[in-house]
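Colleague: Structure incoming, see below.
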Amino acid sequence: MNYYSLNKKAPHTTFEDAVVRGLAPDKGLYFPESITPLDPSFFETIEDKSNTEIAFEAIKQFIVPEIPEDVLKSIIEDTLSFDFPVVEINENISSLELFHGPTMAFKDVGARFMARCLGYFNKTNTKDVTVLVATSGDTGGAVANGFLGVKGVNVVILYPSGKVSDIQEKQLTTLKKNIKALEVDGVFDDCQDMVKKAFTDRELTDKMQLTSANSINIARWLPQLFYFMFTYKKLKSKHKDIAFSVPSGNFGNICAGMVAQKLGLPIKHFIAANNANDTVVNYMISQTYTPKPSVQTISNAMDVGNPSNFIRIQELHNNDFEALKANLSSYSYTDEETKEALLELYNDYTYVADPHGAVGYLGAKDYLKNNDAHVVFLETAHPTKFLDIVTDIIRQNISLPPQIESVMHKKKKSTKISTYDELKQFLLG
Ligand SMILES: *Cc1c(COP(=O)(O)O)cnc(C)c1O
């Protein structure tokens, strides 16, 4: 499969090149040249297949033969070494728990998959690759963990100082080896801007091979389509239409769900559940896309003012606004509403959600006011990753899972920076 840049001013290229570059030379996001629906029999018999088989069939057209079938199979097996439970909240709403991986974030799937792809390509490459990544919270930990110890890959993570939770910070600053953390005096958008600038800085790119592990990278973005398929497998016997409410920041997760839909997965509708960062909500009303500076909320992984994957969503809908509108609803919620939802989930259903999942739950409820479906909201992080916020709301202690416990007492190691030049010096030095 070849990939093209959505800015349409760069040559089409291979999967490997797209993964290693991250962003195309014209600064566009890569997109597959074609998406061929799977044979209907795949969905008819999906309940007889293992997660690994489903994932392999779903993604192979994008990757094989560049990565041979048997290697791809073992990459997938390695990536999916944990569970994806669907927990029924009530008759019409379920939670898809994506937090059972090593860093308890849904991003574990994409990060682990991408790391293994790069590791495979690096077997024949002589030049080290530097993965440069900006995080608003969970990306950093998942990427750090996924890439830890991968030969020929150095990872540099930028995160906004004081704006990620303690546990998130520990997860990305305590690993050492090939993982370095930079603490940026600024907000997430500042981190993302610095990363984007580095990718287009010839002085840097002449000297080193930089790539991204944000959802702009196809190897991180595409495998996220797996768990939409796993959910369908579990809920198929309900014989109800399924809609997904996805707490969205950079819109990579929801966009991967739309790729699953393009592959033939029967999904009735998508709901983009947002916090106060409502660029897409406004677009769906006004048809004008106006990025804004991000504002800080309690669902910090979604504090994104200019979601990078939205352009892929538009491409998936042939840049047809009416087609998009028929497939996507978008709502925005305040922190106050998010806290109330978290409490409601706890009081009415004894379900402990995290703030992002709670936003997803609100999206599910709003959609159900005028529509009939079974709505699955994505629980994108384990509640203990936002320990203070969650325990404050439900007034109950929650015990730390072992994945979290193990990093809590490690010593943080980061380098403070505040300008692009400091980042550049760090990378060159
Ligand atoms: C990254 C993240 C999101 C947003 O996902 P996108 O793919 O950027 O839309 C939501 N919740 C959590 C916990 C996250 O870490």
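Colleague: Kindly provide the set of residues from region 367-395 that are surrounded by fewer than 17 Cβ atoms within 10 Å (Cβ to Cβ), at negative phi, in a loop (DSSP other than H, G, I, E, B) and not polar (S, T, N, Q), ordered by number.
Modeller: Result: ASP372, single match.
Colleague: Right, next: Going through region 42-83 one residue at a time, which ones are within 16 Å of LEU222 (Cα to Cα) and among the polar types (S, T, N, Q)?
Modeller: Within region 42-83, ASN51, THR52, GLN61, THR79 meet the criteria.
Colleague: In region 1-30, what count of residues is obtained for those that are surrounded by fewer than 18 Cβ atoms within 10 Å (Cβ to Cβ) and either over 19 Å from THR200 (Cβ atoms) or among the basic types (Lys, Arg) (or both)?
Modeller: 6
Colleague: Going by the conditions given, is PHE188 within 23 Å of PHE84 (Cα to Cα) and touching a Gly at 6+ places or on another chain (Cβ under 9 Å)?
Modeller: Details: within 23 Å of PHE84 (Cα to Cα): no; touching a Gly at 6+ places or on another chain (Cβ under 9 Å): yes.
No, not satisfied.
Colleague: Just to be sure, is GLU66 under 23 Å from LEU378 (Cα atoms) and assigned to a loop (DSSP other than H, G, I, E, B)?
Modeller: On the way: under 23 Å from LEU378 (Cα atoms): no; assigned to a loop (DSSP other than H, G, I, E, B): yes.
No, not satisfied.
Colleague: If you take the residues of region 133-157 that are under 17 Å from LYS123 (Cβ atoms) and not small (Gly, Ala, Ser), which of them is farthest from the ligand (Cβ to nearest atom)?
Modeller: Taking region 133-157 as the starting set, the residues that turn out to be under 17 Å from LYS123 (Cβ atoms) are 147, 149-154.
Pick out the ones that are also not small (Gly, Ala, Ser) and you get 147, 150-151, 153-154.
Values: PHE147: 17, VAL150: 21, LYS151: 27, VAL153: 21, ASN154: 22 Å.
Among them, the one singled out is LYS151.
Colleague: I want to confirm something. Restricting to region 65-119 and keeping residues that are surrounded by fewer than 24 Cβ atoms within 10 Å (Cβ to Cβ) and among the hydroxyl-bearing types (Ser, Thr, Tyr), which single residue is nearest to the ligand (Cβ to nearest atom)?
Modeller: Checked region 65-119; the qualifying residue nearest to the ligand (Cβ to nearest atom) is SER95.
Colleague: Of everything in region 183-232 that's in contact (Cβ under 8 Å) with a residue 40 or more places away in the chain and of a type in the set (Val, Ile, Thr), which residue is nearest to GLU97 (Cα to Cα)?
Modeller: Applying the filter and picking the extreme gives THR231.
Colleague: Just to be sure I understand, how many residues within region 229-282 are within 16 Å of the ligand (Cβ to nearest atom) and assigned to a strand (DSSP E or B)?
Modeller: The number of residues fulfilling the criteria is 9.
Colleague: Taking region 1-25, which residues are over 18 Å from ILE313 (Cα atoms) and either in a strand (DSSP E or B) or among the hydroxyl-bearing types (Ser, Thr, Tyr) (or both)?
Modeller: Passing the criteria: THR13, THR14.
Colleague: Sticking with this one: When you go through (1) within 16 Å of the ligand (Cβ to nearest atom); (2) within 23 Å of GLN224 (Cα to Cα); (3) at pLDDT 95 or above; (4) part of a helix (DSSP H, G or I) one by one for TYR331, which number turns out not to apply?
Modeller: Unmet for TYR331, out of (1) within 16 Å of the ligand (Cβ to nearest atom); (2) within 23 Å of GLN224 (Cα to Cα); (3) at pLDDT 95 or above; (4) part of a helix (DSSP H, G or I): (4).
Colleague: Could you tell me which residue of region 284-309 is surrounded by the fewest Cβ atoms within 10 Å (Cβ to Cβ), considering only residues that are part of a helix (DSSP H, G or I) and touching a residue at least 12 places away in the same chain (Cβ under 8 Å)? Don't jump to the end; show me each part of the working.
Modeller: First, pick out the residues of region 284-309 that are part of a helix (DSSP H, G or I): 284-286, 300-302.
Okay, now just the ones that are also touching a residue at least 12 places away in the same chain (Cβ under 8 Å), so 284, 300-302.
Values: MET284: 16, ASN300: 24, ALA301: 30, MET302: 26.
Here the residue is MET284.
Colleague: Here's a follow-up. Test SER50 against the stated conditions and say whether it is small (Gly, Ala, Ser) and under 24 Å from ILE75 (Cβ atoms). Show your work before the answer.
Modeller: Working: small (Gly, Ala, Ser): yes; under 24 Å from ILE75 (Cβ atoms): yes.
Spelling it out, SER50 is indeed small (Gly, Ala, Ser) and under 24 Å from ILE75 (Cβ atoms).
Colleague: Enumerate the strands (runs of 3 or more DSSP E) found wholly within region 103-202, keeping only those where 3 or more residues are under 17 Å from TRP221 (Cα atoms). Steps first, please.
Modeller: Working: elements: 129-134, 153-160, 179-184.
Fully inside region 103-202 and qualifying: 129-134.
Colleague: Regarding SER161, is this residue away from the ligand (no atom under 16 Å from the Cβ), hydroxyl-bearing (Ser, Thr, Tyr) and touching a residue at least 12 places away in the same chain (Cβ under 8 Å)?
Modeller: yes
Colleague: Same structure, new question: Can you tell me which condition GLY28 does not meet? The list is (1) in contact with a strand residue (DSSP E or B) (Cβ under 9 Å, 6 or more places away or on another chain); (2) of a type in the set (Gly, Ala, Ser); (3) assigned to a helix (DSSP H, G or I), and all the others hold.
Modeller: So GLY28 meets the others, but not (3).
The values are calculated or read from the model by the stated rules, or taken from the named source; none is laboratory data. Bear in mind the structure is a predicted one, so any value in this text is a computation, not a measurement. Ideal geometry is used to build each Cβ from the backbone, glycine not excepted, and the neighbour counts take in all protein chains shown.
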